[in-house]
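Working notes for the structure below.
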Amino acid sequence: MTSLPVEHLEDVRLSDAMAEPGCPICRLRRMAVSRFLDALLWEIVTDVGFRQDLTRARGFCDRHTHALLAADRAQSGSGTGAAVLLASIIAVRERELSRVPAAGRSGRSRRLAEVRRPPTCLACAQETRAEVNALARLVELFSEPAWAPAIAEAPLCFRDLLALAGRAQPGPAWTSIWARQCSRIRELREQVEAYVNNSSHDRRHRITPADRASVNAAAALLGGLE
């Protein structure tokens, strides 16, 4: 899939992600989690060190708890590996609950506050690492003749465009990329408006496939990849 010149493994991943529809940074976060969960289910599920890390983390966030089970069912069809980890997480949370007193407002409130702390999700950490690495490398590639136009045209979601802007150094390369990204967003907004304007019964024949696709693109711009 790689079509852009590459020097590092991160370049290969970036190039492949940019060749796919949607925000490439969103895609790299998704791929990082997928690799992590696959490795976890195939190799780490019986690793004592990892199980200790999972105990300290107190599980996964809501989104990645469901992703863990989905990944296991996609691999094995049974969910047994996920069940091992989920049972371990429940045991940790159950011990926390057992320390919450049934009576005594002050003690109960403090213990409940401790139990209600979100887990330090290990999958979220993989997402963050992938995002940081990708953004840092994109900034380095601004000055590369083949990469700069591709970055300028990449369908970055708002979140990742702003994250990239936060890391960018002022200069002609970034100015050109930013200008094109802003134009891309304006063009998308105009196309979505055209879709809305032509949605009445007497104008529906004017709606093009590109107009229909623009609604999905708008959702991806504002909400990233599903």
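General remarks:
- Rounded Å value of the spacing that divides the Cα centres of region 152-210 and region 13-67: 29 Å
- Paramagnetic label zone (point 7 Å from Cα along Cα-to-C-beta, residue 136; backbone N under 18 Å) in region 148-172: 163-169
- Mean shadow area of the chain, taken as a quarter of the surface of its Cα convex hull (nm²): 18.7 nm²
- With respect to the chain, whose longest principal axis is taken over its alpha-carbon atoms, helix 9-18 is tilted by about 60°.
- Label-to-label distance, residue 196 versus residue 116, with points set 7 angstrom from Cα along the beta-carbon direction: 3.8 nm.
- Folded to 0 to 90 degrees: helix 105-115 orientation relative to the chain principal axis, Cα: 60 degrees
- Gain on full stretching of the segment that runs from residue 185 to residue 75 - 0.36 nm per residue minus C-alpha separation: 35.8 nm
- Longest DSSP-loop-exposure-free segment, trypsin sites (Lys or Arg not before Pro), the chain, at most 14 other Cβ within 10 Å: 1-98
- If R0 equals 41 Å, the separation of the Cβ atoms of residue 158 and residue 93 corresponds to a calculated FRET efficiency of about 0.75.
- Using Cβ point charges alone (K and R +1, D and E -1), the dipole size of the chain about the Cα centre works out to roughly 1280 debye.
- Computed magnitude of the charge dipole of region 139-226 (debye, nearest 20; Cβ of K, R +1, Cβ of D, E -1): 240 debye
- The Cα-based radius of gyration of region 121-218, divided by its Kirkwood radius, gives an Rg/Rh of 1.11.
- Considering helices alone, the calculated mean residue ellipticity of the chain at 222 nm is -23000 deg cm²/dmol, with DSSP H runs of length four and up weighted by -39500 (n - 2.57) and normalised per residue.
- Binning the C-alpha pair distances of region 8-118 at 10 Å intervals from 0 yields a P(r) profile of 13, 33, 27, 18, 7, 2 %, listed from the shortest bin outward.
- The chain: angle of helix 122-141 to the longest principal axis, Cα-based, in degrees nearest 10: 30 degrees
- Isolated cysteines of the chain, defined as having no other cysteine beta carbon under 4.7 Å away, are 182.
Quick note: the coordinates plus some simple rules give every number you see, no bench work behind them. These numbers come from a predicted model, not from an experiment. Cβ sites come from the backbone with ideal geometry, for glycine too, and all protein chains shown count toward neighbours.
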